[in-house]
Amino acid sequence: MNERISREDVAHVARLACLSLTDVELDAFTNQLADILEHAADLDALDLETVEPTAHPLPLINVFRDDKPGEAVDREKFLASAPEVENNQFKVPPALGEHS
Amino acid sequence: MTVQETVLAIQKGEMKAQEVLESHLKTIQDREEEINAFNLVMTEEAIKEAEKIDSLVAEGKNPGPLTGIPVAVKDNICTQGIPTTCSSNILAGWLPPYDATIVERLRDAGAVIVGKTNLDEFAMGASTENSAFGPTRNPLDTTRVPGGSSGGSAAAVAAGFTPLAIGSDTGGSIRQPAALCGVVGVKPTYGRVSRYGLVAFASSLDQIGPFAETVADAALLLEVISGHDPLDTTSIPEPPLDLSSALTQGVEGLRIGVIDELSGGAIEGISDDVLACLEKAVEALTSAGAIVERTSVPSTVYGLSAYYVIAPAEASSNLARYDGVRFGPRVDAKTTSEMMVATRTAGFGDEVKRRIMLGTYALSAGYYDAYYGKSQKVRTLIMNDFAAAYEKFDLLLSPTAPTTAFPLGDKTEDPLQMYLQDICTISSNLAGHPAMSVPFGQGTDGLPVGIQVLAPATDEHTMFRAGAILEASNQGQS
């Protein structure tokens, strides 16, 4: 199917997924992901040209609730789960001006 | 005593819910340290619930079809104000602001929730070893795993901690641990049971279902938790199931296909003793009047590969929400993005990281068509093959798991070997179909084997007819 996934690919994917890996972890994950993807290469044997993809097992579409006012969620209760809150808002460290 | 007998005894005032609870709490006290089925035993809450049930009965009221029955709930299902951890450090200390729909339905039915059960972190695993709370052990042999990911729920029922338990099944996470622990486990049709309040792993595959000691008890629990829920847009708009008539109907004239690929055919690694039990199950169903033949569902061979692209892809998206902003613990850092990386890196275990990265890779530019797109097409093939098989057969049959319970640590170093535990169960999730595991016979090691009954979408009723016959035949032999 493709070339075996490289250490650099895994490092890139970890960055995309907001995970930081040690060198030892990077080696281990690279081997494991390569094995798993190699197993998935058995799909190459199939002719899928004319097959439609399935994203979901149910034919349900456009499910709407009744347009009736219901109970609103309790803001206090949801904010209570957050690590840091100020003025009814989730608070985070500086986000602007940082270098990515 | 069956669950139904206990319910009647409590309703008639012959027993008290508090006594039933006490005897189960005693069993938990005796063996929980060794088994580790629970992340949390809710002793105080359960005692209060049982007292409430007893006073309702004393007032002449009927608390419901599960009056006073202790139930264990997998710890990826939200319980308001009670820790719900998914066995992950990233949810340490989090208290859900609401109850899952099934938790409300259990309480409305008079059940007493006794605790939250251990699982592989975020339901990713087949052994309940990937847990921030340590592994659960198989009550039948504590050197072995209980299976997973709902290993805590399966072990709770097998150890007699609770007669009923709730699990979730994304690729086999109810059926495989049921098989390894010698109990009944059911994955209903996708959409049959509300997922509202189930912490999402792979949303197009996840489904909640029951564990029980007997087929009848599993049917009763499924009746209680099934039925339409407006809070879950993927919920099937039908009333709760009524399975009572299925239990006595028998299988006379039913056409049952044994999936060739999973019974010594194309897929290797299914052990001989498991296949021998399958043969005996075929004999049992045949002598009960079913017409049983081998049949091919060719694309099941590709189910595992498709699943281990689709499920991680959905997981990588679902688990993006754990970023240290809105809930759960935070690892402080100078900037928001550093905080997110530090929080996720500290909070997730290795298997969860592996799947997030696998899914992120499968969805990334340049690889999407090769992996995710292809897997979605294979999903169509599997659904087509099942549809063709169900033109000729009412039900399908296979082993539930390729082996009996394996030793702790046996597969933790090799993720692919662990994934192969799901080889028989995965296709039902990809198709959205119901399937159940019923204990049937033993392996050469004396540990239980599970036989899987598969049915087309929404036909749980016919599935339970075969399940009841397998159970009766198995009990007749032992």
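Using beta carbons and a limit of 8 Å, which pairs, at least six apart or on different chains, have the first residue in region B:54-78 and modelled with pLDDT of 95 or more and the second one assigned to a helix (DSSP H, G or I) and among the hydroxyl-bearing types (Ser, Thr, Tyr)?
B:GLY68/B:THR6; B:ILE69/B:THR6; B:ALA72/B:SER153; B:VAL73/B:SER153; B:LYS74/B:SER153
Which residue is surrounded by the most Cβ atoms within 10 Å (Cβ to Cβ), if the candidates are limited to region B:259-269 and must be out of contact with any Ser or Thr (no Cβ under 7 Å at 6 or more places or on another chain) and in contact (Cβ under 8 Å) with a residue 12 or more places away in the chain?
Per the stated criteria, the residue is B:ILE267.
Looking at B:GLY349, B:GLY303, which one is surrounded by fewer than 23 Cβ atoms within 10 Å (Cβ to Cβ), more than 7 Å from chain A (Cβ to nearest Cβ) and of a type outside the set (Lys, Arg)?
Among B:GLY349, B:GLY303, only B:GLY349 is surrounded by fewer than 23 Cβ atoms within 10 Å (Cβ to Cβ), more than 7 Å from chain A (Cβ to nearest Cβ) and of a type outside the set (Lys, Arg).
Quick check: anything in region B:398-405 within 20 Å of B:GLU293 (Cα to Cα), within 14 Å of chain A (Cβ to nearest Cβ) and crowded, with 22+ Cβ neighbours inside 10 Å?
no
Check A:SER81 against each of (1) more than 22 Å from B:LEU430 (Cβ to Cβ); (2) surrounded by 15 or more Cβ atoms within 10 Å (Cβ to Cβ); (3) modelled with pLDDT under 95; (4) in contact with a helix residue (DSSP H, G or I) (Cβ under 6 Å, 6 or more places away or on another chain) and name the one condition it does not meet.
For A:SER81, the failing item is (4).
Could you say which residue among B:ASN76, B:ASN89 is touching a Pro at 6+ places or on another chain (Cβ under 8 Å) and farther than 26 Å from B:SER244 by Cβ?
Just a single option satisfies the conditions, and that option is B:ASN89.
From B:PRO163, B:PRO177, B:PRO188, B:PRO230, which residue is assigned by TED's automatic domain parsing to the domain that holds B:ILE35, more than 12 Å from the chain's Cα centre (by Cα), closer than 24 Å to B:LEU470 by Cα and of a type outside the set (Val, Ile, Thr)?
B:PRO163
Among the candidates B:ASP332, B:ASP350, single out the residue that is outside the structural domain of B:GLY125 (by TED's automatic domain parsing), of a type in the set (Asp, Glu) and without any contact (Cβ under 8 Å) to a residue 60 or more places away in the chain.
Just a single option satisfies the conditions, and that option is B:ASP332.
Within region A:54-82, which residues are facing another protein chain (nearest Cβ under 10 Å) and either of a type in the set (Asp, Glu) or in contact (Cβ under 8 Å) with a residue 40 or more places away in the chain (or both)?
The answer is A:ASP66, A:ASP74, A:GLU76.
Residues B:GLU34, B:GLU19, B:GLU49, B:GLU45: which one is among the charged types (D, E, K, R), part of a helix (DSSP H, G or I), assigned by TED's automatic domain parsing to the domain that holds B:PRO146 and without any contact (Cβ under 8 Å) to a residue 40 or more places away in the chain?
Exactly one residue qualifies, and that residue is B:GLU19.
Out of region A:10-43, which residues are of a type in the set (Asp, Glu) and either within 7 Å of another protein chain (Cβ to nearest Cβ) or under 30 Å from B:PRO456 (Cβ atoms) (or both)?
A:ASP35, A:ASP42
Give me a count of the residues in region B:376-414 that are of a type outside the set (A, V, I, L, M, F, W, C), in contact with a Lys or Arg (Cβ under 9 Å, 6 or more places away or on another chain) and more than 30 Å from B:GLY446 (Cβ to Cβ).
Going through region B:376-414 one residue at a time, the tally reaches 2.
Quick grid of which residues meet (1) within 20 Å of B:ALA284 (Cβ to Cβ); (2) touching a helix residue (DSSP H, G or I) at 6+ places or on another chain (Cβ under 6 Å):
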{"site": "B:LEU430", "(1), (2)": "no, yes"}
{"site": "B:PHE440", "(1), (2)": "yes, yes"}
{"site": "B:PRO448", "(1), (2)": "yes, no"}
{"site": "B:GLY467", "(1), (2)": "yes, yes"}
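What number goes with the only condition from (1) in contact with a strand residue (DSSP E or B) (Cβ under 9 Å, 6 or more places away or on another chain); (2) within 14 Å of chain A (Cβ to nearest Cβ); (3) not in a loop (DSSP other than H, G, I, E, B) that B:SER235 does not pass?
Of (1) in contact with a strand residue (DSSP E or B) (Cβ under 9 Å, 6 or more places away or on another chain); (2) within 14 Å of chain A (Cβ to nearest Cβ); (3) not in a loop (DSSP other than H, G, I, E, B), only one is false for B:SER235: (3).
Filtering region B:227-258 down to residues that are of a type in the set (Asp, Glu) and surrounded by 15 or more Cβ atoms within 10 Å (Cβ to Cβ), which residue is farthest from B:THR462 (Cα to Cα)?
Step by step, filter region B:227-258, then rank; the result is B:ASP232.
Name the residue, out of B:ALA315, B:ALA320, that is surrounded by fewer than 18 Cβ atoms within 10 Å (Cβ to Cβ), of a type in the set (A, V, I, L, M, F, W, C), within 14 Å of chain A (Cβ to nearest Cβ) and assigned to a helix (DSSP H, G or I).
Residue meeting the stated conditions: B:ALA320.
Mind listing whichever residues of region A:16-28 are surrounded by 14 or more Cβ atoms within 10 Å (Cβ to Cβ) and in a helix (DSSP H, G or I)?
The answer is A:LEU16, A:GLU25, A:LEU26, A:ALA28.
Of the residues that make up region B:434-450, is at least one surrounded by 21 or more Cβ atoms within 10 Å (Cβ to Cβ) and charged (D, E, K, R)?
Checked against the condition, which is being surrounded by 21 or more Cβ atoms within 10 Å (Cβ to Cβ) and charged (D, E, K, R), region B:434-450 yields no hits at all.
Could you identify the single residue in A:VAL92, A:VAL85, A:VAL51 that is more than 9 Å from chain B (Cβ to nearest Cβ), of a type in the set (Val, Ile, Thr) and out of contact with any Phe, Trp or Tyr (no Cβ under 6 Å at 6 or more places or on another chain)?
A:VAL85
Please give the number of the condition B:PRO240 fails out of (1) touching a helix residue (DSSP H, G or I) at 6+ places or on another chain (Cβ under 8 Å); (2) closer than 26 Å to B:PHE406 by Cβ; (3) part of a loop (DSSP other than H, G, I, E, B).
Every condition holds for B:PRO240 apart from (2).
The values are calculated or read from the model by the stated rules, or taken from the named source; none is laboratory data. Please read these numbers as outputs of a predicted model, since none were measured by experiment. Glycine gets a Cβ as well: all are built from the backbone with ideal geometry, and neighbour counts include every protein chain shown.
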